[in-house]
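Student: One structure, pasted below without further comment.
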């Protein structure tokens, strides 16, 4: 259970910060612009891949409660990292769909982070 609480605090904090930056500083919009550069996309893909792999390795728990959200988040992050490394052009095309609503997407990201952080206590 300790690793679950650590990962909930880690991912929760990360999502609250990124969600807040997306709302206030239009951070997500800038990240979407960065996907046009394949080098940046692949580089961030390795980081995303490692974060997902670490989460899945430490927390591959499939249970019918809130902890499964961390497992799903880990697998999603791992798959996203693989896609960013292997298919950076596809990632750019996907990102463009969210370009006009980047500030709006900051709200659910922040809420997910707050929920994960809340569940860690």
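The values are calculated or read from the model by the stated rules, or taken from the named source; none is laboratory data. Here the structure is a predicted model, which is why all the values come from computation and not from measurement. In this analysis, Cβ positions are derived from the backbone assuming ideal geometry, glycine residues included, and neighbour counts consider all displayed protein chains.
Student: Any chance you could count how many residues in region 4-21 are under 23 Å from residue 102 (Cβ atoms) and over 13 Å from the mean Cα position of the chain (by Cα)? If you could, list the steps in order and put the result at the bottom.
Tutor: Taking region 4-21 first, the residues under 23 Å from residue 102 (Cβ atoms) are 11-21.
Narrowing the set further to residues that are over 13 Å from the mean Cα position of the chain (by Cα) leaves 20-21.
Qualifying residue count, region 4-21: 2.
Student: Okay, next question. Suppose the filter is buried (at least 18 other Cβ atoms within 10 Å of the Cβ), at pLDDT 95 or above and in a helix (DSSP H, G or I); does residue 106 pass it?
Tutor: Answer is no for this residue.
Student: Suppose we filter region 33-48 for residues that are over 16 Å from residue 14 (Cα atoms) and crowded, with 18+ Cβ neighbours inside 10 Å; how many remain? Please lay out each step first, then the result.
Tutor: At the first step, the residues of region 33-48 found to be over 16 Å from residue 14 (Cα atoms) are 33-43, 45-46.
Narrowing further to those that are crowded, with 18+ Cβ neighbours inside 10 Å: 35, 41, 45.
The qualifying residues number 3.
Student: Which residue is nearest to the chain's Cα centre (by Cα), if the candidates are limited to region 52-65 and must be surrounded by 14 or more Cβ atoms within 10 Å (Cβ to Cβ) and more than 16 Å from residue 5 (Cα to Cα)? Please lay out each step first, then the result.
Tutor: Here is the first cut: in region 52-65, the ones surrounded by 14 or more Cβ atoms within 10 Å (Cβ to Cβ) are 52-56, 58-59, 61.
Filter once more, so that each one left must be more than 16 Å from residue 5 (Cα to Cα): 52-53.
Values: 52: 9, 53: 13 Å.
For region 52-65, the residue satisfying everything is 52.
Student: Test of understanding: among 116, 83, 112, which residue is assigned to a helix (DSSP H, G or I), in contact (Cβ under 8 Å) with a residue 12 or more places away in the chain, more than 22 Å from residue 21 (Cα to Cα) and touching a helix residue (DSSP H, G or I) at 6+ places or on another chain (Cβ under 7 Å)?
Tutor: Details: 116 fails: more than 22 Å from residue 21 (Cα to Cα); 112 fails: more than 22 Å from residue 21 (Cα to Cα).
Matching residue, one of 116, 83, 112: 83.
Student: Right, something else. Step by step: first the residues of region 34-53, then only those that are without any contact (Cβ under 8 Å) to a residue 12 or more places away in the chain and assigned to a helix (DSSP H, G or I), then the one that is farthest from residue 67 (Cα to Cα). Which residue is that?
Tutor: Out of the qualifying residues, it is 39.
Student: Of the conditions (1) exposed (fewer than 13 other Cβ atoms within 10 Å of the Cβ); (2) within 23 Å of residue 100 (Cα to Cα); (3) over 16 Å from the mean Cα position of the chain (by Cα), residue 30 clears all except one; give me its number.
Tutor: The one condition residue 30 does not meet is (3).
Student: Residues of region 8-45 being in contact with a helix residue (DSSP H, G or I) (Cβ under 7 Å, 6 or more places away or on another chain) and farther than 16 Å from residue 109 by Cα, which ones?
Tutor: The answer is 34, 35, 36, 38, 40, 41, 42, 44, 45.
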